[in-house]
1. In the structure shown, do any of Lys142/Lys164; Lys142/Lys177; Lys157/Lys177; Lys74/Lys177 have a Cα-Cα gap over 19 Å, and if so which?
2. Taking a probe of 1.4 angstrom, what is the accessible area of His61 in Å², to the nearest 10?
3. Would you mind telling me the share, in percent, of accessible area of region 99-202 contributed by carbon and sulfur at probe 1.4 angstrom?
4. Taking the Cα centre of region 76-199 as the origin and placing charges on Cβ (Lys, Arg +1; Asp, Glu -1), which of Thr140, Leu92, Ala108 is farthest toward the positive end of the dipole?
5. What GluC sites (Glu not before Pro) in region 91-146 are in a loop by DSSP, with at most 16 other Cβ atoms within 10 Å of the Cβ?
6. Applying the Karplus parametrisation 6.51 cos²θ - 1.76 cosθ + 1.60 with θ = phi - 60° to the phi angles of region 153-167, what ³J(HN,Hα) value in whole Hz is obtained for each residue in order, glycine and proline being reported as x?
7. Based on the Cβ-Cβ distance from Gln30 to Asn180, what FRET efficiency comes out when R0 is 25 Å, to the nearest 0.05?
8. Just add up the charged neighbours of Ile84: K/R +1, D/E -1, any other residue whose Cβ is under 9 Å from the Cβ of Ile84.
Amino acid sequence: MSILDGLLSHLGYERKAQPALPQWLTATAQADRHTIPLAITAERQQNLYANLTWIQIAVWHLSNVAATTPLEVKTLNGEDETEISNHPFETLLRRPNPLQSRFEFLKALFSFHAVTGNGYLWLNRPSENVPPAELWIIPTHKIEPVPDNKMFVSGYKYTPGLGKPMILPVWSVCHFKEYNPLSMFVGLSRLQALSEGATGDLAMQ
């Protein structure tokens, strides 16, 4: 499932009823409550991006291609796909928030995902059953999921930098993550495997 497919699903399009969580999954959430990787890890990865040209070039090319790829929303009738013109999601994406264009928004989202293995969006809406009026990108070093033994993820802890974190409800955050063999809650950045070489390059500079 792509990032945009996941966002559509999170916004409620073709949402299916959620089955009860299996016991092993809730037990995993309980065990991992205090083992979520620290947000400082994402901050270090972002610092590598900010200071090493070769990482910037790789991410720039990836995010540019992703942000300029045409998007269509389709409905599936049997085996046939039919394009939905001016779907509300497409309309929202043209101007996701007052500060970003579609290109700026998607480029930033794919860049965060490429650099840190995670991308977080805040959906500006008053409740779970109301479509969002705006989409905002949350910096990955300021947010982390909160595992829960009943809901799997009970919310997202956001730390704005004022000393006191706040909990954002699950329905207000859309989280995209890379595969991580060590965690079911946060993605693994490709920079993790390159960190030693990248840190050496930075030291040489």
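1. Over 19 Å Cα-Cα: Lys74/Lys177.
2. 100
3. Of all accessible area on region 99-202, carbon and sulfur atoms account for 60 percent.
4. Thr140
5. Those that pass, being in a loop and sparsely packed, are Glu128.
6. Once rounded to whole Hz, the list reads 10, 8, x, 10, 7, 10, 10, x, x, 9, x, 10, x, 10, 9.
7. With R0 = 25 Å, the Cβ-Cβ based efficiency is 0.85.
8. Values: positive: Lys74; negative: Glu72, Glu83, Glu90.
Local charge sum for Ile84: -2.
The values are calculated or read from the model by the stated rules, or taken from the named source; none is laboratory data. Note that the coordinates shown come from a computational prediction; the quantities given were computed from them, not determined experimentally. Positions of Cβ are backbone-derived with ideal geometry, glycine not excepted, and every protein chain shown enters the neighbour counts. We work out accessible area using only protein heavy atoms, side chains counted, and drop any ligands, DNA or RNA first. Shrake-Rupley method; radii C 1.70, N 1.55, O 1.52, S 1.80 Å.
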